[in-house]
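Structure first, commentary second.
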Amino acid sequence: MTKTSRLSGSRRIGSLLALVAVASLGIAACGSSSSSSSDTAAPAVADTTAPVADAATGANLQAPGQCGMGTGTPATGEPIKLGGLATNVPGIDFTWITTMTGAYFKCVNDNGGINGRPIEYTAVDEQLDPTQIASIATKLIEEDKVLGLVGNTSIIDCSVNGAYYAEKGFYPIIAGVDQACFTSANFSAVNMGPYYSSLGGAQAALRAGAKGTMVIVSPNLPGYDLIDTGVTDFAKANGLKAIDVLEDVPFADPASLAQRLVKQAGPGGAVVLDFTGPVVLPLLQAIEQQGLIDSVIWASSTPPNDPSVSKELSAKWNGKFLVNAEMNVLDSGLPDQNHMEVIRAKYAPDLPSAAFTQFGYLAGRIATDALMSIKGDLTQESVNAAFKGIKNWKTDMFCKPWYYSSGAAGNVSNNSDITVAPKDGVWVKVEDCFDIAALPNNPLDAIRANEIANGLNVG
Amino acid sequence: MGSKGGALATFMQTVSPKRLIVLVCLALFVLFVIPSQLGTRWMIIMTAVVIYSIVMLGLGLLIGRAGLVSICQFVLFAIGAWVALRINYLIQLPLPLNLLIAGIVTAIIGVLVGLPALRLSGLYLALVTLMAAGGGTLVLTRILFPNGGGGWTGQSIKGGVSSLLPRPMFALSDVAYYRYCVVIAMIMFLLATWQVRGRAGRAWAAIRQSEVTALAAGVNITFYKLWAFAIASFCAGIGGGLLAASRGGVSINQFPVQGSVQMLAVVLMGGVFNVWGAMVAAIFFKLVPELLLQWGLSTEWGTILFGVGLMQVLLTAPGGISDQLPKDLKKLWGLLLAVTIRRSKKTETPW
Amino acid sequence: MWSDLQPFFVLGIALGGVFAMSGVGLVVLYRTTGVLNLAYGGVGAMGALISWTMIDKGISGWIAYPGCILFCALVSLVYGTLFAPLISGRDSLTKTTATLGMLVIAIGLMQMIWGRNAHSITLPTSYWNYQIGEVRISWTQILGVVFPILITYGTVVFLKKSKVGTAMRSIANDREITAMLGVPVRRIESIAWVVSGVLCGIAALLLANLVSLDIVGLSFLVVPSLAAALIGQLNKIWVTLAAGFFIGILQSSFNTWPSVADYRGLTPFVLAIGALLVFGAGKNMVART
């Protein structure tokens, strides 16, 4: 027994050595081949003499209803590499945003690209594994050598990779979720994130007459205990009792959850929901089925602002679900909104027309304007400087123009928005643009002061 | 027979000079050649492979040597990370000491899980561990990983979404930490081999052969079964501590319940009859998804591969790849030489 | 106190009914084939998702819902006749671990084809409601209670009175002797697989409606079903039924107290471990080797 095992033992080692050698050679080959193919981009060495982007005017360079140069001819030059990543786990699917951003860039490429160069956008899914997301970031920046990051929407990206992006001089244009995305100068989001959006929902609920107790319920995922403090601080500041509920998603028993929330809010109370559209729909249906629509005031952060949700809600819900919409209504008929529909229908028809789609559209459009404004070589340095320097960027989807850098402790450039409610299967505006509440624990006061002082969002 | 020197001498005698040279070459290759060829991203991945191989090592030992199937190794891995982090926020210890404590605490927990299961047969033991895995994951998603707060759970709202253990001064860079993990992995592999070749290994082999005979021969079955659980959980604990210090830290969502089942699948695929199977299993678990990403394929193909591999292993190759591949290569060699080589067929499962 | 508990208690009954029905399916299969099918929920989830796709494409529910049941029965049959015989001579741990492989494949396929998001299925029975105290019961929930009881009764009668049922009991007792007596063992086992598949399809549809159509959640429906089956010692069908209801009611009742509600998911795990420890040792559990 020992003899044969010793013989086969060394053979085992030999075969294993072969396996490991082949595997690592394979990896090295893959690694080196991808880096050699991306050497076409200019090296990202800091060159202070090179003409850096002058995006200080922040003017929208693209005409309304047009992508990029709007030439109608496909771009064929050297690709401009951009990257993005999104969380995709059961109960949380943020890939709609990166898919829409990719669709926007496809439209740009079909219309002359950026000075004739097409954009090559790589979007990666992540599953909330910090090691995985760290390796994705290094893949995009060091292996694929992307010049900028656009459309990142992740629960952990800002926390895990924030320091790395800062070290590499990256200023991603993102759709933020984690509070770390809004307390760092290295990120600027087209949305306001669940903290501010659920706070906006709470404000609407208060205006609708909430009394007694306010309940905020959000996914039991990392960071949401901090995210929910917006609503709890607001409730306490307004004399209400605050309860924070963290629930596993997708819901194991929506009918019981509905009953529980109503009991905790008590008569006249408010419940603010903070879930994505597909996840919250069973809960809304259970609330209706259990006859609990009128028991409390129901409000929510943005994600349910999605036709696939409203069309499942019966007329009993009319005006009874106050959803904070971080962007304008999806049927505004205004130029950018229509443009988004055109691009979505052509390049990403499987995506619903929803709030997340708006995020992806805006991230793509802002990035394109920034790229078009660069008057020199496109390098990691010049692209990120262009991103960072954006201000007074206008769109009919926002209440106020957008800018990247607030100069205060974090960027929350989209800090005023509207409230929508369902009506006969569609979302209608019920409250026009209002400011999200500044609280002692959030920097909105300082940010708004800077906006006025530095003219960041005029016009 | 009982002296440490005697055991060590016996152990050294079983290592032939040829094998020693091969092992040293492999060690040098892993320590120096791999880092020189790979960029940051692949170093992060290879570090994860090394860490997971320690965890798989423990599970392979438990299944292959002691014949006990456990589906909760993944959760014990998470618990190891949890313990290491909680200790770190209380007192700053050097990492090796922190790892040791995490390993021992996890070993105790593993023994507690294994304890009531001693009276149960293979299937019911596996089910108990599966339930423990599900329940443990649920509790962890509520108490989360410590991130600087106080109290039992060490939770602080401002602590951030992932928890990071600080690395030792000399292992701060990605490559340095990788080498650190490799060294610890080598120690763990030696430890495992030492156990397998020692008294514990003989006791396990006797138990697997026939419990009644082993009992008659005076083997303390209870002790050695629990010892197997302890070692497997110790490996998981050490791995957990190392993972907590790896790039990005740890977050509870990287330990979903399906992971426990997938870990069982890859360990069986890698092979439980020798320690190299752990490396193959870790390569499957961590490298395959990354390669799929590199080639633009959906990572679900990896999941499907694990499921198919598990069924195939149970059906035809209970020894897994590390057992089957040498046999296949040997057969190939034999065919090339046009000489029929007799191959011993193992048709019974490890348990 | 009762008024606080009542809605959750009532909602838990239907949930428990689904657990009970799945548990009975597991027991019947285990008794006949020695396989504890841990892929039970996974196959059911895939059937429910196929129904969802059919409805999404506009196919009527009358075809889509039976489609789910048909799919589950088919997959179970294929596994039972093609793969299971290859390892039928092995111990139950091996056979059960092989079903874990099938579970992993099912989850991978589903996540690849349908993505990781939750979907929504509303059976027509959910639109008809009755008020009981504070809570409303839909016909789906009533089905969730009535079906399992009827099916359990039917199963017990079937096992006792019918020829196939008697053959199943005989195989459970001693496979070799039964085969020697000329009973077509393989065919009977196939029937057991199909029956368990049908039950799994029905359970998945009911659960997808009562809870949500979520891949991992439905796949791990097998845990409370398993807990019920274990409490029934993998043998006693009426006990399994009662245990299923008990688990559902208990888990749902924990919603009454917010601090405990967070951990209510532990209920089936703890009960399963308890059942294993109490019944698993020695000869209490009918161990199939």
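Treating r as the C-beta distance of A:GLU120 and B:ALA205 and R0 as 51 Å, the FRET efficiency rounds to 0.35. When a/c reaches 1.5 or more, the comparison of a/b and b/c decides; with that in mind, is the protein assembly as shown rounded, prolate or oblate per its Cα gyration tensor? Oblate. Of all lysines in the structure, the ones whose alpha carbon falls short of 28 Å from that of C:LYS236, not counting any fewer than 8 places away in one chain, are C:LYS95, C:LYS160, C:LYS161, C:LYS163, C:LYS283.
Span-like helix criteria (full DSSP H runs; alpha carbon extent of at least 27 Å along the helix axis; mean Kyte-Doolittle hydropathy of at least -0.5) are satisfied in chain B by B:40-60, B:95-114, B:122-143, B:174-197, B:221-244. Cα to Cα, under 17 Å, and not fewer than 8 places away if on the same chain: which aspartates and glutamates meet these conditions relative to A:LYS429? Cross-link targets: A:ASP306, A:GLU326, A:ASP331, A:ASP396, A:ASP417.
B:LEU191 versus B:TRP301, label points 7 Å from Cα toward the beta carbon: distance in nm? Label at B:LEU191, label at B:TRP301, 3.8 nm between them. Amide H contacts of A:LEU82 (H built 1.01 Å from N, in plane; Pro and chain starts excluded): A:GLU120, A:TYR121, A:THR122, A:LEU147 sit under 5 Å, all sequence-distant by 5 or more or on other chains. Using the Cβ-Cβ distance between B:LEU118 and A:ALA166 with R0 set to 51 Å, the FRET efficiency works out to roughly 0.45.
Which one, C:LEU11, C:LEU82, C:LEU271, has the greatest fluctuation when you compute a Gaussian network model over chain C with C-alpha springs under 10 angstrom? Among C:LEU11, C:LEU82, C:LEU271, the largest mean-square fluctuation in the Gaussian network model of chain C belongs to C:LEU82. Among B:LEU127, B:LEU291, B:LEU138, the largest mean-square fluctuation in a Gaussian network model of chain B, built with springs joining Cα atoms closer than 10 Å, belongs to B:LEU291. Looking at the protein assembly as shown, the DSSP beta bridges with both ends there are about 40 percent antiparallel. In terms of its C-alpha gyration tensor, segment B:38-336 comes out oblate, because a/c is 1.5 or above while a/b does not outweigh b/c. In this simple spin-label approximation, C:ARG187 and A:LYS423 carry label points 7 Å from Cα along the Cα→Cβ vector, and these lie 6.8 nm apart. With the simple spin-label model, which puts each label point 7 Å out from Cα in the Cβ direction, the A:ALA438 to C:PHE158 separation comes to 7.0 nm.
Structure remark: mean-square fluctuation, Gaussian network model of chain B, C-alpha springs under 10 Å; the largest value among B:TRP82, B:TRP301, B:TRP194 belongs to B:TRP301. Straight-line reach from A:LYS81: taking Cα to Cα under 17 Å and skipping same-chain neighbours fewer than 8 places apart, the lysines in range are A:LYS106, A:LYS139, A:LYS145, A:LYS168.
How many percent of DSSP beta bridges within chain A run antiparallel, rounded to 5? Of all bridge pairs located within chain A, approximately 30 percent are antiparallel.
Of C:TYR79, A:TYR164, A:TYR224, the sequence from fewest to most neighbouring Cβ atoms within 10 angstrom is A:TYR164, C:TYR79, A:TYR224. With helices as the sole contributors, chain C gives -23500 deg cm²/dmol at 222 nm; each DSSP H run of n ≥ 4 counts as -39500 (n - 2.57), and the sum is divided by every residue.
Each Cα pair under 8 Å and six or more residues apart adds its separation to the average, and for chain B the resulting relative contact order is 29 percent. Rounded to two decimals, the Cα-based Rg/Rh of segment A:196-325, with Kirkwood Rh, is 0.92. Here the peptides C:188-198, A:363-373 are ranked by packing, the mean other Cβ count within 10 Å, and the order with the highest first is A:363-373, C:188-198.
The C:THR166 and B:ILE104 beta-carbon pair, evaluated with R₀ = 35 Å, returns a calculated FRET efficiency of approximately 0.05. Counting lysine pairs in segment A:196-325 that sit 8 or more residues apart in sequence, or on different chains, and whose Cα atoms lie under 22 Å apart gives 10.
Only Cα pairs under 8 Å and 6+ residues apart enter the sum, and on that basis the relative contact order of chain A stands at 20 percent. Counted residue by residue at 0.36 nm each, then reduced by the alpha carbon distance between them, the extension gain from A:LYS236 to A:SER332 reaches 31.0 nm.
Mind running the shape call on segment C:2-280? Use the C-alpha gyration tensor, a ≥ b ≥ c as the square roots of the eigenvalues: rounded below 1.5 for a/c, prolate if a/b tops b/c, oblate otherwise. Cα axes put segment C:2-280 in the prolate bin. Between the Cα long axis of helix C:163-173 and the first principal axis of chain C there is an angle of about 80°, rounded to the nearest 10. Structural size metrics of segment A:58-164, computed from C-alpha coordinates, are Rg and Dmax of 15.1, 42 Å. A helix-only calculation puts chain A at -12500 deg cm²/dmol for mean residue ellipticity at 222 nm, using -39500 (n - 2.57) for each DSSP H run of at least four residues, averaged over all residues. Based on DSSP H segments of at least four residues, each scored -39500 (n - 2.57), chain B has a per-residue ellipticity at 222 nm of -21500 deg cm²/dmol.
For chain C, the longest principal axis of the alpha carbon atoms and the long axis of helix C:185-210 meet at an angle near 10°.
Just so you know, all these numbers are worked out from the coordinates, no wet-lab data involved. On a predicted model such as this, the values are computed, not experimentally measured, just so you know. Every residue, glycine among them, receives a Cβ derived from its backbone with ideal geometry; neighbour counts consider all protein chains shown.
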